[in-house]
Amino acid sequence: MRGTDRESQIVRQVLRAIETGQGLRIVGGGSKAFYGGHCTADVVLNTAEHSGVIDYQPSELVVTLRSGSRMAEISELLAGQRQMLGFEPPDYAGRATLGGTLACGFSGPRRPFAGSARDFVLGCKIVNGRGEVLNFGGRVIKNVAGFDVSRLMVGALGTLGVLLEVTLRVLPVPETELTLVYALNEARALNRMQQLSGQPWPLSAMAFDGEFLRIRLSGAEAAVGAAAAQLAGDIDPDGDMFWHDLREQRLSFFQLPGSLWRIGMAPASAPLNLSGRGLLDWGGALRWLNSDMPAETIHAAASARGGHAICYRGEDKSDWMRLDGGLLGLQRNIRQAFDPLTIFNSGRLFS
């Protein structure tokens, strides 16, 4: 189906929902249905068929795509020009779509060194809760000015509108990459990551799995080789697979039973000392925790360290995320502006 035809269908479905008062549950590939709160809307608005490349300018490092485009297909397209998505998002066995990835705000191991998903969005087209088709941002890097509304869509879980098109900045693929591994405990791994972060090494990922600290070096072959020689770690021959499995959450850690928590905090923060199994990504700024401790305890521990906890996957998602009164009020005001009738994904971001 042509993109313009599917876009018209999406707009008509939104207008019908406004007329009838029915809520819409926005679905792309369905790979991230586990994430967020329970959506109370029964009518599905499927964006999967609204896919394809609208414009790609490799020399400008910019691509514009429809929101239903599969992440795996986007990566393949860019790889043909030795380019990539700098925020290294998961593709969940080929099911993840661009719209869903940005709606959830997912970024992979490269995020602290290259930028988050939000940092790579230059512009977008959406249909809002009034049935209006709106364009924000631009299609070239130098054309993004003013209040950057397009980046509000990243992490909003579809509650502000249906993404139709997105323009992204892309990056060249590094000439070479190499992974070094060190056997350390958590405290020493955190200290080592802080030391490395403050120096001009060609870093592109740092993670600690509970036993081993791994760091990835990316860039020109000579620079990576020189850094590896000075850092004196063991070369991990399976490094590429480790980062792939971390990004896709295929490591054995992610298969453990129990609730999985995603805790963001300052990289230099001390260990949380919560019961359960942990894994550190983003140089310590992202702390995964597999634990059956009460949600209240985990939220309080993260808050005490100046962090923020999200129940990424678990049986009880009623307390999956918390915001203080000021931030919650701001979020509600933004939603009121974009979706005054609460048509989109009701309950997914907040109950």
(Q) Here is a check on your reading of the model: is Gly86 of a type outside the set (A, V, I, L, M, F, W, C), farther than 23 Å from Trp261 by Cβ, within 15 Å of the chain's Cα centre (by Cα) and part of a helix (DSSP H, G or I)? (A) no
With the first residue restricted to segment 161-184 and required to be closer than 30 Å to Asn46 by Cα, and the second required to be hydroxyl-bearing (Ser, Thr, Tyr) and part of a strand (DSSP E or B), Cβ contacts under 8 Å at 6 or more apart or on different chains are Glu165/Thr64; Val166/Thr64; Thr167/Thr64; Leu168/Thr64
Against the condition within 30 Å of Val44 (Cα to Cα), buried (at least 18 other Cβ atoms within 10 Å of the Cβ) and either hydroxyl-bearing (Ser, Thr, Tyr) or at pLDDT 95 or above (or both), how does Leu260 come out, does it pass? yes
*asked:* Take the conditions within 24 Å of Asn191 (Cα to Cα) and either assigned to a strand (DSSP E or B) or not hydrophobic (A, V, I, L, M, F, W, C) (or both) and apply them to Ser269. Does it pass?
replied: yes
Considering segment 61-71, residues that are open to solvent by 20 Å² or more (accessible area, probe 1.4 Å) and either under 15 Å from the mean Cα position of the chain (by Cα) or basic (Lys, Arg) (or both), and then whichever is nearest to Ile126 (Cα to Cα), we arrive at Arg66
ask   = Right, Arg16: more than 20 Å from the chain's Cα centre (by Cα) and surrounded by fewer than 17 Cβ atoms within 10 Å (Cβ to Cβ) or not?
value = yes
When every residue in segment 98-133 that is surrounded by 24 or more Cβ atoms within 10 Å (Cβ to Cβ) and among the hydroxyl-bearing types (Ser, Thr, Tyr) is compared, the one farthest from Pro172 (Cα to Cα) is Thr101
The residue from Met321, Met293 that alone is under 28 Å from Asp148 (Cα atoms) and modelled with pLDDT under 95 is Met321
In segment 23-53, anything open to solvent by 70 Å² or more (accessible area, probe 1.4 Å) and either modelled with pLDDT of 95 or more or within 11 Å of Gly68 (Cα to Cα) (or both) is listed as Arg25, Glu49, Val53
Looking across segment 229-243 at residues that are crowded, with 18+ Cβ neighbours inside 10 Å and in a helix (DSSP H, G or I), the single one that is farthest from the chain's Cα centre (by Cα) is Gly239
In segment 277-298, residues that are buried (at least 17 other Cβ atoms within 10 Å of the Cβ) and under 19 Å from Arg188 (Cα atoms) total 12
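The values are calculated or read from the model by the stated rules, or taken from the named source; none is laboratory data. The model shown is predicted, which means the values in this text are computed figures rather than measured ones. Here Cβ is always computed from backbone atoms with ideal geometry, including for glycine, and neighbour counts include all displayed protein chains. Keep in mind that these areas ignore ligands, DNA and RNA; they rest on the heavy atoms of the full protein, side chains included. Shrake-Rupley method; radii C 1.70, N 1.55, O 1.52, S 1.80 Å.
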